[in-house]
Structure formats: structure tokens, C-alpha cells
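One structure is given here, and the rest of the page talks about it.
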Amino acid sequence: PRYTPLRERHEALGASFTDFGGWQMPVRYTSDLAEHHAVRQSAGLFDISHMAEFLVTGPYAGEFLDYALAGRISAMPVGKAKYSLVLAADGGIIDDVIAYRLADDRFLVIANAGNRGFVDSAFASRVRSFPSIIERQQERAEGEERSFAGFLGDRGVDVEDVSDSFALIAVQGPAAQAILADTEGIDALSVPWGEQKYYAWAQATFRDEPLLIARTGYTGEDGFELLVRADDAAVLWDTLLVAGEPHGLVPAGLAARDTLRLEAGMPLYGHELTTETKPAQAGLGRVVAADKSSFIGKDAVDAAADAPVLVGLVAEGKRAGRAGYGVVDADGAPLGEITSGALSPTLGHPIAMAYVTPSSAEEGTAVFLDVRGTRIPATVTALPFYRRTK
């Protein structure tokens with residue numbers, strides 16, 4: 001198993017560990033519920049250093065990402081971030097990622113830990129097939145002459161897996177910005193506190209070393225994700241805990257992260273997203289810039305009309321449906337399958353995401369969860385289940 005640079009900090013805090021994507025990660029420190037509620041009410045501190053980071057550079061980095069990812073990345077301004085998908089040639093989802101534009105010719109792509117090798121392979125093969133795209137673009141440009149000599153070979157792009165050089169720490173919750181503003185050693189912000197928009201990033205330093213602060217997260221709350229050199233991660237973690245103590249900050253593990261993202265209707269790779277899933281089935285059709293001239297998966301991105309679609313389910317009582325449990329109609333006929341489910345700590349009733357037949361996907365449709373042979377009444381509902389009010 002692999003460990004993040006914060007392993008000793010987690011052990012000292014009494015964390016319980018679990019395997020996640022080949023990494024030993026803290027699943028909880030005290031109580032799943034306490035950590036969940038802290039994020040909703042004040043703030044939680046997460047180690048997400050298992051995530052994978054790829055640096056994409058070169059004069060054609062933006063155009064390459066348009067080709068390699070589902071979205072239109074080249075149009076994104078410097079300082080912004082964009083959620084996107086790595087699609088297979090058959091339109092299935094290899095991974096969901098966030099791309100950050102660091103400069104005109106420099107992007108950071110953050111991928112899921114368990115898919116690091118798959119994304120690395122996908123990028124490598126797409127770099128190899130990319131020159132023909134550039135050549136066609138060059139042919140279409142009237143009277144334009146470009147030499148690719150010295151431009152990273154004939155590709156105009158380079159992709160480097162820099163995951164092992166960095167750690168990623170998330171501060172999530174309504175008090176997140178106040179905590180970061182109080183954190184000693186964070187200086188030289190390129191965007192002042194209070195002015196940084198959601199899905200944007202700011203450059204800063206921590207104790208004079210580079211720090212990237214992104215206003216992104218996976219909890220449904222306001223929050224930030226901090227990319228720091230691996231060697232500086234432990235000191236930053238300690239400093240954040242000190243700054244956060246007056247604000248109610250607590251370390252939080254994967255269990256709370258999972259119930260938080262479920263309430264927020266955010267998909268988890270391996271559950272809601274797989275190589276068998278098309279974006280539109282998962283409600284992610286908006287992520288695909290289908291009008292791009294060429295991108296991997298373009299010709300196969302549409303799902304069949306009868307393909308199962310992702311819905312939210314709200315159930316009665318306290319028994320929650322879990323991943324793999326069936327969704328059935330009043331006669332017990334199968335309608336689909338749950339991908340994620342839990343008793344919602346915030347809402348107090350069972351919630352789930354499931355893939356069901358299109359005919360049973362309309363909001364308000366009454367269905368049943370097959371919970372170990374017991375049928376639990378449930379209702380199809382819009383996602384997300386929870387949305388922050390400020």
C-alpha cells in the first residue's frame with residue numbers, strides 16, 4: 001500500500017485507515033457523523049494527497065486538452081478551473097478530472113487516485129496521435145506557416161505525471177476562507193481573500209514556498225484545495241489545524257467525505273461513473289463540448305435511448321440502500337440498481353443515487369429499494385439532495 005506524506009499526522013490523531021485506490025487513507029478520526037456535521041457547520045480538514053496530478057505544457061497544450069478531454073479547455077482563462085471527463089473511444093468514462101489553467105501554455109489536471117495509471121496511459125496515447133490533428137489545423141490556416149522545430153518535438157505538448165512531488169489538502173466548510181485567512185505563513189496571494197471565485201485558483205506562498213489555492217471541493221460546501229510541495233505538507237497541515245481551532249476545524253476522513261459528496265449529488269468514480277457509462281446517462285452531458293471538431297470519444301458519446309440514467313432517491317425510515325442493491329417497482333420487477341446510498345446525516349433520512357430505466361426516472365416516481373429482501377418505499381428526486389444556502 002501507498003501512504004501520503006501526512007501518514008504520521010494521521011496516526012498521531014488516532015485515525016482509522018482503509019485502502020482506497022491502492023492508498024492507505026484515513027477513513028475517520030473520531031466519528032463519521034461528527035466529522036460530517038463539522039464540515040456542514042464549520043470546517044473539515046482532508047488529506048487528499050492520493051489524487052493524481054498531471055502537468056500539461058507547451059504551445060498547443062490547450063488544443064491538446066480539447067482533443068484529450070470532453071470539454072473545451074482551450075477557451076478557459078488563466079486563473080480558472082473546469083470539471084471535465086477523460087473519455088474512451090467508445091464514449092465510456094475513463095475518469096472525471098479538474099483542469100486548471102496556470103498560464104497560456106501550462107495546465108494542471110487532477111485525476112482520481114485509482115485511475116492514475118489509466119489517465120497516464122490515455123494521455124500518452126493521445127499525445128502520440130495528436131500531431132496529425134495539428135497538421136490538419138495547420139493545413140486549414142490560410143497562408144499561415146508554423147514550424148514545430150523545438151516545440152517539444154513535433155507535438156507542441158508535453159504531459160508529465162507530477163503526483164509524487166505534491167500533496168493536496170482540502171479545507172471545506174463555511175469557515176474555510178476565514179481559517180485560511182488566519183493561517184500563519186500563507187502570503188503573497190495573487191487574488192485577495194473574498195475575491196476568489198468558485199472554480200478558480202490563486203497563487204500564493206507558504207513559508208516562502210509555492211502554494212496553489214483552488215476554490216474547489218467535493219463536499220457541497222464552500223472550500224479550498226491546497227496544492228503544496230510534498231515536503232511542506234506536514235507543516236501546512238499542522239498550521240491549518242492551529243488556525244482552524246477557534247473556528248471549529250476538525251480533521252475529517254473518507255467516510256465523511258463520502259456522505260458529504262453523496263448529499264451534494266456528486267458522482268464517485270467506480271460507483272456512478274465507469275467505462276460502461278456515457279456522460280449523458282450520468283447527467284454530465286453538459287460537460288461534453290460536442291461541437292468540437294475532434295476529441296476522443298466524439299463519435300460514440302451519445303447514449304442509447306433506453307440506457308439507464310442516474311437519479312436521486314429519497315426513502316422512508318432509517319434503512320438505507322447501499323451500492324449494488326436493486327431498485328424495483330410495486331410488483332418487484334427490476335428497474336435499476338443503487339450506486340451509492342446512506343442515511344443522510346444532514347437530512348435525517350435515507351438517500352441514494354441509482355441508475356434506473358428512463359421510464360422510471362421522472363421526478364416524483366414511486367419505486368422500492370430492495371434492501372436485503374425488504375422493499376423500502378422511495379421516491380425519485382432531483383439531484384443534489386443538499387445545496388448550501390450561502
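The values are calculated or read from the model by the stated rules, or taken from the named source; none is laboratory data. This structure is a prediction, so every number in the text was calculated from the model and none was measured. Cβ sites come from the backbone with ideal geometry, for glycine too, and all protein chains shown count toward neighbours. The protein model used for the area step is the full one, side chains on, heavy atoms only, and it has no ligands, DNA or RNA in it. Shrake-Rupley method; radii C 1.70, N 1.55, O 1.52, S 1.80 Å.
Pairs meeting the criteria (first residue in region 241-257 and farther than 15 Å from SER16 by Cβ and open to solvent by less than 20 Å² (accessible area, probe 1.4 Å), second residue in a strand (DSSP E or B) and aliphatic (A, V, I, L, M), beta carbons under 7 Å, at least 6 apart or on different chains) are GLY244/ALA43; GLY244/LEU45; LEU249/ALA43; LEU249/LEU45.
Across region 318-334, the number of residues qualifying as surrounded by 12 or more Cβ atoms within 10 Å (Cβ to Cβ) and not hydroxyl-bearing (Ser, Thr, Tyr) comes to 10.
Taking residues in region 147-171 that are closer than 30 Å to PHE224 by Cα and of a type outside the set (A, V, I, L, M, F, W, C), and partners anywhere that are open to solvent by 70 Å² or more (accessible area, probe 1.4 Å) and modelled with pLDDT of 95 or more, the pairs with Cβ atoms closer than 7 Å and at least 6 places apart or on different chains are SER165/ARG229. Scanning region 74-115 for residues that are among the basic types (Lys, Arg), over 20 Å from MET266 (Cβ atoms) and open to solvent by 40 Å² or more (accessible area, probe 1.4 Å) yields a total of 1. Scoring ALA304 on the criteria (1) surrounded by fewer than 17 Cβ atoms within 10 Å (Cβ to Cβ); (2) farther than 30 Å from PHE130 by Cα leaves a single failure, condition (2).
Only one entry of TRP193, TRP201 meets the criterion of being assigned to a strand (DSSP E or B) and of a type in the set (Phe, Trp, Tyr), and that entry is TRP201. Consider region 282-294 and keep the residues that are open to solvent by less than 20 Å² (accessible area, probe 1.4 Å) and assigned to a helix (DSSP H, G or I). The one that is nearest to GLU337 (Cα to Cα) is ALA282. Residues in region 152-192 that are open to solvent by less than 10 Å² (accessible area, probe 1.4 Å) and either farther than 30 Å from SER121 by Cβ or charged (D, E, K, R) (or both) were compared, and the one that is farthest from the chain's Cα centre (by Cα) is THR183.
Taking region 1-71 and the helices (runs of 4 or more DSSP H) fully enclosed by it, the elements with 3 or more residues that are at negative phi, touching a residue at least 24 places away in the same chain (Cβ under 8 Å) and surrounded by fewer than 20 Cβ atoms within 10 Å (Cβ to Cβ) are at 32-41.
As a summary of the residue check, ILE338 satisfies the conditions (1) within 24 Å of ARG257 (Cα to Cα); (2) open to solvent by 10 Å² or more (accessible area, probe 1.4 Å) except for the one numbered (2). Select from region 216-235 the residues that are assigned to a loop (DSSP other than H, G, I, E, B) and either open to solvent by 30 Å² or more (accessible area, probe 1.4 Å) or without any contact (Cβ under 8 Å) to a residue 12 or more places away in the chain (or both) and list them in ascending order. If the condition is that a residue be assigned to a loop (DSSP other than H, G, I, E, B) and either open to solvent by 30 Å² or more (accessible area, probe 1.4 Å) or without any contact (Cβ under 8 Å) to a residue 12 or more places away in the chain (or both), then TYR218 is the only one that fits.
Residue by residue, here is whether (1) exposed (fewer than 13 other Cβ atoms within 10 Å of the Cβ); (2) within 25 Å of ARG40 (Cα to Cα); (3) touching a strand residue (DSSP E or B) at 6+ places or on another chain (Cβ under 7 Å) holds:
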{"residue": "THR346", "(1), (2), (3)": "no, yes, no"}
{"residue": "ILE351", "(1), (2), (3)": "no, yes, yes"}
{"residue": "ALA361", "(1), (2), (3)": "no, no, yes"}
{"residue": "ASP370", "(1), (2), (3)": "no, no, yes"}
{"residue": "PRO384", "(1), (2), (3)": "no, yes, no"}
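Identification of strands (runs of 3 or more DSSP E) wholly contained in region 307-390 with 3 or more residues that are of a type in the set (Gly, Ala, Ser) yields 334-343.
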